[in-house]
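**Q** First the structure, which I've put down as structure tokens, then a few questions once you've had a look.
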Amino acid sequence: MAPNYMPSMNFFYRLIAIFSLLGLANGLLFMASIRTRRSVWQGMGFGLTAAAGTAFFNWYTFAYIHYGQWMLWVAYLAVGIMIASLLIAPFFFLLAVFRAFGKGRRIIGRLAWGITCLAVLFGTTGAIRGNMQEVTEHVEISSPELPAAWDGFKIAEISDTHVGPYYTNRNLPEDFLIARREGAQMIALTGDLIDDVRVMPETARILTGENGNFPYGIIFVWGNHEYYRNKKYIADELKTTPVTLLQNNHVVLTRGGKALYIAGMDYPFAADERIRITKERNMADKAFSGIPEGAPVILLAHHSDFIREGIRHKAIITLTGHTHGMQTGFMGQPILTPYVYTRGLYRAGPWYGYVSRGTGGWFPFRWGCSREITIITLRRKG
């Protein structure tokens, strides 16, 4: 029986507090811009609306399982309000400054309401598109270390599904179907598989049914959200499936009498960057222990930092996720880049790393950064 779905509430309380304060700040800036008696009530409305939108988003995260599709659209609106609360603050500040140096109360009021409506529309549209739009990315790489027997081998990477309110167990089989149609022979699940452990038994049944559709099965590595949601329970459910779980170790696949090693990493929890880098190095050394020098290796990890370790250990390619591509982008590039490896394909000499934008997500807003399933084709160079 699944445990109660009750992840740490501190995160959700903090989220409501942050957006409530942000809404209050927006309301005060609105009041400073308009400067009418009515603007006091309107300003309070900004704070209450931001708090209500965030509270609904948090409530839906737990309650969605009892409601139909119509409630999802209300959740999209709640996300739109949250995004709008983030966007309008600098515009309201500028309007308040402009108002301090002159008149223009009427036009400033119209601008304030116009900006608010556009911001809510932008946020809601981003939530709808972000959750509904998925693309199939094709990545082809070549390596002289790849045996001829493995030339043309296809791996489908599915990452950061976060099975729960926005990416459900209805979506998961659809992505496996895409992988089959693309000719994938192995599935790499690179962490953050599930957020709602109440539906983990169904997820396990799906994985069991799909594993046989791929000659080299499904291989899974831990993400950080499995730890947040009840790693032991998820592990127990995975044990009922034929899915291969890698945790700082490796397996060897054979084809035409030739070996291909698949190494997999755990998630490197550490607040201090230097400690985390050391931890990642130790994890990688353990996973690669026993693999012959010069043997072809594919490395699977959730955190994109492991691309660095894949290069150090001369893995043909390291497949990762975690960043969600930062869920926003412009002209195909992420707007924010807090990670060394944030999105897409990286190369260091003959070795590669790939960071998935995520196949699902726990927060549906995306702009210029669609969800993806990735098909990686290996080629023997020369």
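**Q** Determine the dipole magnitude for segment 309-382: charges of +1 sit on the beta-carbon of Lys and Arg, -1 on that of Asp and Glu, nothing else is charged, the reference point is the Cα centre, and the result goes in debye to the nearest 20.
**A** Numbers: 10 positive and 2 negative charges, 66 e Å.
Roughly 320 debye for segment 309-382.
**Q** Please get the size of the charge dipole for segment 133-192, origin at its Cα centre, with Cβ charges of +1 on Lys and Arg and -1 on Asp and Glu, quoted in debye to the nearest 20. Mind showing how you got there, number by number?
**A** On the way: 4 positive and 11 negative charges, 57 e Å.
Here the size comes out at about 280 debye.
**Q** Quick check for you: with a 1.4 Å probe and neighbouring chains kept, what is the accessible area per residue of the chain, in Å²? If you can, show how the numbers build up before the last one.
**A** Details: 17300 Å² over 382 residues.
About 45 Å² of surface per residue is accessible.
**Q** On the protein heavy atoms, probe 1.4 angstrom, tell me the percent of accessible surface of the chain carried by carbon and sulfur.
**A** 60 percent
**Q** Going down the list Lys239/Lys279; Lys314/Lys381; Lys154/Lys231; Lys231/Lys258; Lys231/Lys279, which pairs span over 24 Å between their C-alpha atoms? Intermediate results must be reported in sequence, preceding the final value.
**A** Working: Lys239/Lys279 26 Å; Lys314/Lys381 15 Å; Lys154/Lys231 29 Å; Lys231/Lys258 35 Å; Lys231/Lys279 20 Å.
Correct reply: Lys239/Lys279; Lys154/Lys231; Lys231/Lys258.
**Q** May I ask you to list the GluC sites (Glu not before Pro) in segment 237-320 that are in a DSSP loop and have at most 14 other Cβ atoms within 10 Å of their Cβ? Don't skip to the end; give the middle numbers.
**A** Details: sites: Glu237, Glu273, Glu280, Glu293, Glu309; in loops: Glu293.
In loop regions of segment 237-320 (DSSP not H, G, I, E or B), the sparsely surrounded GluC sites (Glu not before Pro) are Glu293.
**Q** Give me the dipole magnitude in Debye, nearest 20, for the chain about the Cα centre, with unit charges on the beta carbon: positive for Lys and Arg, negative for Asp and Glu.
**A** Working: 38 positive and 27 negative charges, 305 e Å.
For the chain, the charge dipole is close to 1460 debye.
**Q** Could you give the angle, 0 to 90 degrees to the nearest 10, between helix 200-211's Cα long axis and the longest principal axis of the Cα atoms of the chain?
**A** Tilt of helix 200-211: around 40 degrees.
**Q** Would you mind telling me the antiparallel percentage of the DSSP bridges in the chain, rounded to 5? Write out the running numbers ahead of the final one.
**A** On the way: 18 of 53 bridges.
Antiparallel: roughly 35 percent of the beta bridges in the chain.
**Q** Positive end of the dipole of the chain, charges at C-beta (+1 Lys, Arg; -1 Asp, Glu), about the Cα centre: which of Asn230, Tyr261, Leu146 has its Cα farthest in that direction?
**A** Among Asn230, Tyr261, Leu146, the one farthest towards the positive end of the dipole of the chain is Asn230.
**Q** Further question on the same structure: Taking the 0 to 90 degree range and rounding to the nearest ten, how far is the long axis of helix 273-288 tilted relative to the main principal axis of the chain, both from C-alpha atoms?
**A** 30 degrees
**Q** Considering only Phe122, Ile108, Ala78, whose Cα is most displaced toward the positive end of the charge dipole of the chain, charges sitting on Cβ of Lys, Arg (+1) and Asp, Glu (-1)?
**A** Comparing the listed Cα positions along the dipole, Ile108 ranks first.
**Q** If you add up the charges near Ala149, with Lys and Arg at +1 and Asp and Glu at -1, over every other residue whose beta carbon is less than 15 angstrom from its beta carbon, what do you get?
**A** Working: positive: Lys154, Arg255, Lys258, Arg379, Arg380, Lys381; negative: Glu145, Asp151.
Here the count lands on +4.
**Q** Hey, how much of the P(r) for the chain falls beyond 32 Å, as a percent of Cα pairs? Mind dumping the intermediate values first?
**A** Numbers: 28802 of 72771 pairs.
Considering the chain, 40 percent of its Cα-Cα pairs are separated by more than 32 Å.
**Q** Could I ask something else about it? Expressed in nm to one decimal, what extension gain is obtained for the pair Phe330 and Ala235 from 0.36 nm per residue of sequence separation less their Cα-Cα distance? It would help to have the intermediate numbers written out before the result.
**A** Values: separation 95, 0.36 × 95 = 34.20 nm, distance 3.80 nm.
My answer for the length gained is 30.4 nm.
**Q** Grab the DSSP H runs of the chain that are 4 residues or longer, score each as -39,500 (n - 2.57), total them, divide by all residues and round the 222 nm result to the nearest 500 deg cm²/dmol. Display every interim value, and only then the final one.
**A** On the way: 10 runs with 172 residues, N = 382.
Roughly -15000 deg cm²/dmol at 222 nm, from the helical runs in the chain.
**Q** Taking the Cβ of Lys286 as the centre, find all other residues whose Cβ is under 15 Å away and add up their charges (Lys, Arg: +1; Asp, Glu: -1). Intermediate results must be reported in sequence, preceding the final value.
**A** Numbers: positive: Lys279, Arg281, Arg312; negative: Asp266, Glu280, Asp285, Glu309.
So the environment of Lys286 carries a net charge of -1.
**Q** Summing Lys, Arg as +1 and Asp, Glu as -1, what charge do residues with Cβ under 10 Å from the Cβ of Ala204 carry, Ala204 excluded?
**A** Details: positive: Arg205, Lys239; negative: Glu202, Asp236, Glu237.
My count for the surroundings of Ala204 gives -1.
**Q** Here is a further query. Could you rank Met82, Met44 by how accessible they are, 1.4 Å probe, largest area first? All intermediate terms of the calculation are to be shown ahead of the outcome.
**A** On the way: Met82 5, Met44 95 Å².
I get Met44, Met82, largest accessible area first.
**Q** Place a label point 7 angstrom from the Cα of His138 along the Cα-to-Cβ direction, then list the residues of segment 182-220 whose backbone nitrogen is under 12 Å away.
**A** Taking a point 7 Å out along Cα→Cβ of His138, the residues of segment 182-220 whose backbone N falls under 12 Å are 182-183.
**Q** Another one. Tell me, Kirkwood radius of segment 226-359 from alpha-carbon pair distances, in Å?
**A** Details: mean 1/r = 0.0630 Å⁻¹.
Kirkwood radius, segment 226-359: 15.9 Å.
The values are calculated or read from the model by the stated rules, or taken from the named source; none is laboratory data. These numbers come from a predicted model, not from an experiment. No Cβ is skipped: glycine too gets one built from the backbone with ideal geometry, and neighbour counts run over all protein chains shown. When the accessible area is computed, the model is the full protein with side chains, heavy atoms only, and any ligands, DNA or RNA have been set aside. Shrake-Rupley method; radii C 1.70, N 1.55, O 1.52, S 1.80 Å.
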